[in-house]
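Let me begin by presenting the structure, written as structure tokens, before commenting on it.
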Amino acid sequence: MELFKSMESLHEDQEKDAKPDSSEKVRCIIIGSGPAGYTAAIYAARANLSPVLYEGLQPGGQLTTTTDVENFPGYPDGVSGPVMMEDLKKQAARFGTDIRWGLATAADLSARPYRITIDDRHLIEADTVIIATGATAKYLGMESEQKFMGHGVSACATCDGFFYKGMDVAVVGGGDSACEEALYLSGLCNKVYMIVRRNVFRASKILQERVLKTENIEVLFEHLPKEVVGDQNVDGVIVHNKKNGEDYKVEIQGFFLAIGHKPNSDIFAPYLDTDDVGYIQTTPGTSKTNLEGIFACGDVQDAHYRQAVTAAGSGCMAAIDAERYLSEKGL
């Protein structure tokens, strides 16, 4: 009986600990700090929405893991990912955005004002919510992936393929995304190896046919990457041939992961329409979700483009949609 009471008291203490210990009310909260979040903040602040932006676990988003960005307008000589994100952050702050460190750990979107819990401790009540939490690229879990990130390892061929022009590269994956990445790289690179775990593609028939007809793409079916190798930069990948059990090195300068992305939408999924993967569904041509006053922008709602410039554009849309919503509601 004493044990039961102790366990019950412990449970009550845990519930008490889980409750936010402070709260505040805002007109507009922006969750996420990549190109979408910061651009939304710039527009929202200029519209006098007094936005509060929480940066999340990775301030600046995926671009902070990228060395050089050469395809974002306004940087004719290119710019490093971290520097570009710092520029966007400064621009958002210049117009009055309240930028804070913190992670959204819970959401209650059942009624307005919407309730967002930060770091399990602080409750934000907001008239509008702009979700810009992005998506996380899936990796294989090899230690060398992190070691060579930005130095030969990438999860975006469209972003980084140009840096490997005329070189040999490898793409991991057998689905539509992997085939699309390989085809894109085949127009830039000398040789593209596709490393496919199974003995068949998972991709659509038309993409399979295009890959197999492309002369500089070599498909390594029933192969597994074991380790990316090199000195300062990647110079090869050790692969395991499942058919004969042998390991050998494929000499490459670029290693591209194309095994999917996971949108960071878990805490919103009980309330918002998402696809099978978890991407938040928005009304075409807008940032509007199925709940009025809730807007999504950037990679959390974009399974197709996943580019900094398209994320920034959708962040602009979200802020304008939020401003018009508040105006229409008299908020």
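Points to keep in mind about this one:
- Any hit, region 254-268, residues being surrounded by fewer than 17 Cβ atoms within 10 Å (Cβ to Cβ), over 20 Å from the mean Cα position of the chain (by Cα) and among the small types (Gly, Ala, Ser): no
- Taking first residues from region 238-251 that are within 23 Å of residue 167 (Cα to Cα) and partners that are charged (D, E, K, R) and surrounded by 14 or more Cβ atoms within 10 Å (Cβ to Cβ), the Cβ contacts under 8 Å between residues at least 6 apart in sequence or on separate chains come to 238/226; 238/227; 239/226; 240/226; 247/226; 251/168; 251/235.
- Beta carbons closer than 6 Å, at least 6 apart along the sequence or on distinct chains, pair a first residue in region 226-237 that is of a type in the set (D, E, K, R) with a second that is at pLDDT 95 or above and surrounded by fewer than 19 Cβ atoms within 10 Å (Cβ to Cβ) for 226/238; 226/240; 227/238.
- Looking only at region 214-253, and only at residues there that are in contact with a helix residue (DSSP H, G or I) (Cβ under 6 Å, 6 or more places away or on another chain) and within 20 Å of residue 180 (Cβ to Cβ), the one that is surrounded by the fewest Cβ atoms within 10 Å (Cβ to Cβ): 216
- Checklist (1) surrounded by fewer than 15 Cβ atoms within 10 Å (Cβ to Cβ); (2) at pLDDT below 95 applied to residue 166, failing item: (2)
- Pairing each residue of region 77-97 that is in a loop (DSSP other than H, G, I, E, B) with any residue that is among the acidic types (Asp, Glu), provided the two are 6+ apart or on different chains, yields C-beta distances under 7 Å for 78/68; 78/70.
- Among the residues of region 99-114, those that are in a strand (DSSP E or B) and surrounded by fewer than 19 Cβ atoms within 10 Å (Cβ to Cβ) comprise 100, 105, 106, 108.
- The residues in region 293-331 that are crowded, with 24+ Cβ neighbours inside 10 Å, in contact with a helix residue (DSSP H, G or I) (Cβ under 9 Å, 6 or more places away or on another chain) and not in a helix (DSSP H, G or I) can be counted, and the count is 4.
- Residue match in region 120-132 (condition: surrounded by fewer than 16 Cβ atoms within 10 Å (Cβ to Cβ) and among the hydrophobic types (A, V, I, L, M, F, W, C)): no
- A single entry from 61, 102, 56, 74 fulfils the requirement of being of a type in the set (Gly, Ala, Ser), without any contact (Cβ under 8 Å) to a residue 40 or more places away in the chain and assigned by TED's automatic domain parsing to the domain that holds residue 287: 74.
- The set of residues in region 117-150 that are within 20 Å of the chain's Cα centre (by Cα) and either of a type in the set (A, V, I, L, M, F, W, C) or part of a strand (DSSP E or B) (or both) comprises 118, 129, 130, 131, 132, 135, 136, 137, 140, 142, 148, 149.
The values are calculated or read from the model by the stated rules, or taken from the named source; none is laboratory data. This is a predicted model, so every value here is computed, not measured. In this analysis, Cβ positions are derived from the backbone assuming ideal geometry, glycine residues included, and neighbour counts consider all displayed protein chains.
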